[in-house]
Amino acid sequence: MRRVLLLLLLTFLGTSASCATANAQETPPPFATKAKQAYLVESKTGTVLLAINENQDLPPASLAKLMTMEVVFSALKRGEITPDTTYTVSQNAWRTGGAPSGTTTMFAALNSQVRVEDLVKGVIVQNGNDACIILAEGISGSESGFAARMTARAKDLGLGRSTFGNATGLPSAESHTTVRDLVELSRHIHREYPEYYPIYSQPDFEWNKIFQRNKNPLMSLNLGVDGLGAGYAEGAGFALAASVDRNGTRLFLAMGGLASDKERLEEARKVLEWGLSAFQTKVLFKQDEVIGQASVYGGTSRYVDLVAKEPVDIYLPTNNPDRLSARIVYRWPLRAPVEAGQDVGVLRISAGDRVIREVPLVTNQAIGTGTLASRATDALLELMFFWL
């Protein structure tokens with residue numbers, strides 16, 4: 001397959017996962033960066049291009065606003081609120097996140113009524129802490145209640161390493177996330193809320209007669225960045241979450257542990273340029289092409305073909321020094337009857353020791369229940385396997 005060596009191994013679910021993770025941690029990253037944490041993913045294929053301490057905890061700082069907006073977008077999508085819903089600017093929102101706070105603000109006036117649509121722009125474009133608190137209090141009655149909703153929503157989305165103590169990202173011992181969770185959250189927002197995502201690239205917004213340009217410093221890179229945000233936490237350094245789109249290729253990046261705003265911009269530029277220029281897409285399997293087989297216990301056939309629901313392609317370096325391999329991982333054995341299209345495992349694709357993509361696999365046909373004799377034979381084979 002044109003210089004691509006594809007090694008298919010049938011393993012049991014969970015057996016190889018820990019080994020792959022350990023090897024990935026020992027392997028030097030494919031690109032050097034000053035960031036202490038970094039995670040770069042190509043959107044279409046989900047290929048992981050760079051992973052450095054991607055599951056290491058860090059404070060989200062202003063990047064917590066990504067989760068704040070996800071909860072708001074979800075409420076808008078479900079009809080819980082509308083863009084024209086209005087909320088009152090409380091004393092708490094005004095003092096904690098408004099003009100007296102000395103933090104980034106949309107300058108919402110005390111006791112005024114503000115529409116949700118304007119508050120969303122106040123959060124995304126102006127990085128307004130007051131806008132976050134107004135939305136939190138309006139939707140959940142209190143900021144603490146909204147923060148609990150943020151954490152619960154993060155768990156629902158599979159962001160298991162993220163918890164939130166407030167809606168703003170202001171210092172809180174309860175708030176932590178990872179660059180991997182930030183990338184997955186960014187991808188989710190881009191995919192699920194196409195009507196709201198363009199706000200992240202809105203160049204400016206005026207509120208309360210105060211004009212402010214987009215606070216996201218990454219917009220100045222001229223790389224095609226169209227979101228999402230940046231943050232700073234004392235002791236943890238400067239962080240970012242970015243998405244860039246160039247010639248149909250979209251990358252999502254999160255980085256943390258950078259020493260300064262200047263270093264954040266320089267490292268973001270270097271990593272994004274590398275991701276956009278040094279890779280190409282390769283198709284490994286067509287949609288519904290048989291990738292391998294899984295053994296079936298007690299069925300009319302001892303094996304069932306496995307396929308992917310979509311083409312299996314990856315985003316590879318143009319000069320790829322690593323051997324490309326793949327491993328089918330499923331829970332052995334499958335027990336009859338087996339339905340066609342049943343989710344049974346994943347295809348785990350690696351470049352060298354790094355897992356770069358996982359693709360769900362489904363059965364390609366139905367397997368009925370076998371005869372009593374065939375089930376007895378399968379039971380004997382299973383017993384012999386475990387005895388060995």
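The values are calculated or read from the model by the stated rules, or taken from the named source; none is laboratory data. No experiment lies behind these values; they were computed from the predicted model shown. Ideal geometry is used to build each Cβ from the backbone, glycine not excepted, and the neighbour counts take in all protein chains shown. Only protein heavy atoms, including side chains, enter the accessible area calculation; ligands, DNA and RNA are left aside. Shrake-Rupley method; radii C 1.70, N 1.55, O 1.52, S 1.80 Å.
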Please find, among Glu192, Glu184, the residue that is among the charged types (D, E, K, R) and surrounded by fewer than 16 Cβ atoms within 10 Å (Cβ to Cβ).
-> Glu192
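This table checks each residue for (1) hydrophobic (A, V, I, L, M, F, W, C); (2) within 23 Å of Thr104 (Cα to Cα); (3) within 23 Å of the chain's Cα centre (by Cα).
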residue	(1), (2), (3)
Ser142	no, yes, no
Thr163	no, yes, yes
Asn166	no, yes, yes
Thr177	no, yes, yes
Tyr197	no, yes, yes
Pro217	no, yes, yes
Leu221	yes, yes, yes
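Could you please let me know if Gly160 is in a loop (DSSP other than H, G, I, E, B), open to solvent by 10 Å² or more (accessible area, probe 1.4 Å), at pLDDT below 95 and under 20 Å from Glu70 (Cα atoms)?
Values: in a loop (DSSP other than H, G, I, E, B): yes; open to solvent by 10 Å² or more (accessible area, probe 1.4 Å): yes; at pLDDT below 95: yes; under 20 Å from Glu70 (Cα atoms): yes.
So Gly160 passes the test.
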In the stretch 253-274, what residues are crowded, with 24+ Cβ neighbours inside 10 Å and either touching a helix residue (DSSP H, G or I) at 6+ places or on another chain (Cβ under 7 Å) or more than 15 Å from Gln37 (Cα to Cα) (or both)?
-> Leu253, Ala254, Met255, Gly256, Leu258, Ala268
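On the given criteria, is Gly169 touching a Leu at 6+ places or on another chain (Cβ under 6 Å), outside any helix (DSSP H, G or I), under 26 Å from Asn53 (Cβ atoms) and touching a residue at least 60 places away in the same chain (Cβ under 8 Å)? So that I can check it myself, show each step before the final result.
Values: touching a Leu at 6+ places or on another chain (Cβ under 6 Å): no; outside any helix (DSSP H, G or I): yes; under 26 Å from Asn53 (Cβ atoms): yes; touching a residue at least 60 places away in the same chain (Cβ under 8 Å): yes.
It is false that Gly169 is touching a Leu at 6+ places or on another chain (Cβ under 6 Å), outside any helix (DSSP H, G or I), under 26 Å from Asn53 (Cβ atoms) and touching a residue at least 60 places away in the same chain (Cβ under 8 Å).
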Could you grab me the full set of residues in the stretch 211-235 that are assigned to a loop (DSSP other than H, G, I, E, B), open to solvent by 30 Å² or more (accessible area, probe 1.4 Å) and at pLDDT below 95?
-> Asn222, Gly224, Glu234, Gly235
Got a sec? Which strands (runs of 3 or more DSSP E) wholly within the stretch 304-370 have at least 2 residues that are in contact with a Gly (Cβ under 9 Å, 6 or more places away or on another chain) and over 28 Å from Tyr39 (Cα atoms)?
-> 354-363
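Here is a yes/no grid of residues against (1) free of Cβ contacts under 8 Å to residues at least 60 places away in the same chain; (2) not β-branched (Val, Ile, Thr):
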{"site": "Met106", "(1), (2)": "no, yes"}
{"site": "Asn111", "(1), (2)": "yes, yes"}
{"site": "Ile134", "(1), (2)": "yes, no"}
{"site": "Thr178", "(1), (2)": "no, no"}
Determine which single condition Ser172 fails, assuming it passes every other condition in (1) under 21 Å from the mean Cα position of the chain (by Cα); (2) among the hydroxyl-bearing types (Ser, Thr, Tyr); (3) open to solvent by 20 Å² or more (accessible area, probe 1.4 Å).
-> (1)
Among the residues of the stretch 279-290, is there at least one that is assigned to a loop (DSSP other than H, G, I, E, B) and surrounded by 15 or more Cβ atoms within 10 Å (Cβ to Cβ)?
-> no
Residue that is surrounded by the most Cβ atoms within 10 Å (Cβ to Cβ), among those in the stretch 318-331 that are in contact with a strand residue (DSSP E or B) (Cβ under 6 Å, 6 or more places away or on another chain) and more than 30 Å from Gln342 (Cβ to Cβ) = Asp322
